[in-house]
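These notes are about the structure you will find just below.
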Amino acid sequence: MAEKTLFLAWQDKGVKRQWFPIGRLDADIESEKYRFRYIGGAKRAKKEAGFPLLVAFPRLEGDYKSSKLFSLFSNRVMRPSRPDFKDYLKSLALTEDSDPIDMMAVSEGRRLTDSYEVFRQIVKKDDGGFSCRFFLHGGKHVSPAAQERLDRLATDDDLHLALELTNPLGELAVQIQTTDYHMIGWAPRYLAHDLALALAQPPGSCRARVVQVNPMPVPSEHRVLIELSGDLGEHQPMSGPDFQPLVD
């Protein structure tokens with residue numbers, strides 16, 4: 001099995017509530033090798049928002065290795081012994097042979113007790129194409145008309161992406177819109193830079209669709225699973241300074 005990479009993001013709970021990518025997890029599950037390193041975004045988060053280093057990883061330039069998945073991450077997935085584990089996998093559009101890395105890559109590893117989320121590294125194919133999945137963000141904060149439209153979404157519905165030019169926080173943001181132009185939410189902010197470059201490619205190069213809509217009692221943040229595919233041209237995703245490990 002090929003090595004899989006996840007990034008860890010942290011949200012500043014201040015006025016701007018800005019997200020920073022702060023760490024990188026490389027996992028080879030078959031060989032039982034796990035490695036965590038801070039990345040450039042952690043330095044920026046520390047400087048701009050006072051990011052506190054994680055207790056489990058106390059050195060900014062540390063190189064942490066283990067034969068087991070670090071508890072910071074393993075605690076972000078449901079245990080198979082839970083009676084609702086199969087429903088959990090179904091809500092993520094995953095099968096029973098999925099590993100914890102796959103689960104976090106879709107669920108974003110959200111917990112009510114902290115300010116961290118997890119996301120998978122976008123890997124560009126040889127032809128320049130890419131694909132990724134994520135849950136719709138901010139569906140609770142759109143207009144009543146958009147929420148009503150959101151209730152009528154169905155599997156395989158096409159969606160549009162658009163750069164948000166009027167974001168009040170001045171950050172780059174990517175809106176998710178229905179084909180009849182209801183703005184129903186946003187893509188994760190830590191993906192916005194790469195998605196913006198994908199949107200800059202020729203029309204039709206970027207496509208989005210609904211993978212599935214999860215009914216209650218699934219939490220609202222796991223309601224609409226979206227798949228995005230497109231072309232990044234010459235751009236290498238997640239290659240900027242924020243994503244560079246502080247240790248080679």
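Any read-out appearing in this document is the output of simple, stated calculations on the displayed coordinates, not a laboratory observation. Keep in mind that what you see is a predicted model, and the values were worked out from it rather than measured. Every residue, glycine among them, receives a Cβ derived from its backbone with ideal geometry; neighbour counts consider all protein chains shown.
On a 21 Å Cα-Cα criterion, which of the cross-link pairs LYS16/LYS47; LYS13/LYS47; LYS46/LYS140 come out too long?
LYS46/LYS140
Could you work out which residue, out of MET216, MET103, MET238, moves most in a Gaussian network model of the chain, that is, has the largest mean-square fluctuation with Cα springs under 10 Å?
MET216
Per q in 0.07, 0.11 Å⁻¹, report the Debye log10 I(q)/I(0) for the chain, using one uniform scatterer on each alpha carbon and no solvent.
The Debye formula, applied to the Cα set alone, gives -0.23, -0.60.
For the chain, modelled as a Gaussian network with Cα springs under 10 Å, which listed residue fluctuates most, SER81, SER71, SER131?
SER81
How about the range 1-81: which GluC sites (Glu not before Pro) there lie in a loop by DSSP and see at most 11 other Cβ atoms within 10 Å?
Taking the range 1-81 and a limit of 11 other Cβ atoms within 10 Å, the loop GluC sites (Glu not before Pro) found are GLU30, GLU32, GLU61.
Once phi is turned into ³J(HN,Hα) by the Karplus curve 6.51 cos²θ - 1.76 cosθ + 1.60 with θ = phi - 60°, what whole-Hz value does each residue of the range 121-126 show in order, with x for glycine and proline?
5, 7, 10, 7, 7, 4
How large, in Å, is the range 25-164 by the Kirkwood hydrodynamic radius built from its alpha-carbon pairs?
Across the range 25-164, the inverse of the average 1/r is 18.1 Å.
Multiplying the sequence separation of ASP28 and LYS65 by 0.36 nm and subtracting their Cα-Cα distance, what value in nm do you get?
12.2 nm
Mind checking the range 130-230 for GluC sites (Glu not before Pro) that DSSP puts in a loop (not H, G, I, E or B) and that have at most 13 other Cβ atoms within 10 Å?
GLU171
Separation of the range 35-60 and the range 168-212 by C-alpha centroid, Å?
One Cα centre to the other: 28 Å.
Tally Lys/Arg at +1 and Asp/Glu at -1 over every other residue whose Cβ is under 9 Å from the Cβ of ALA105; what's the total?
Value of the local net charge: +1.
Only sites in a loop by DSSP and with at most 13 other Cβ atoms within 10 Å count here; which trypsin sites (Lys or Arg not before Pro) in the range 45-150 make the cut?
Those that pass, being in a loop and sparsely packed, are ARG59, LYS68, ARG111, LYS125.
For the range 96-215, what does the alpha-carbon gyration tensor say about shape, rounded, prolate or oblate, given a ≥ b ≥ c as the root eigenvalues, a/c under 1.5 as rounded, and a/b over b/c as prolate?
Judged from the Cα gyration tensor, the range 96-215 comes out rounded (a/c under 1.5).
Just for the Cα atoms in the range 1-68, what are the lengths along the principal axes, largest first, rounded to whole Å?
Result for the range 1-68: principal-axis Cα extents of 43, 21, 16 Å.
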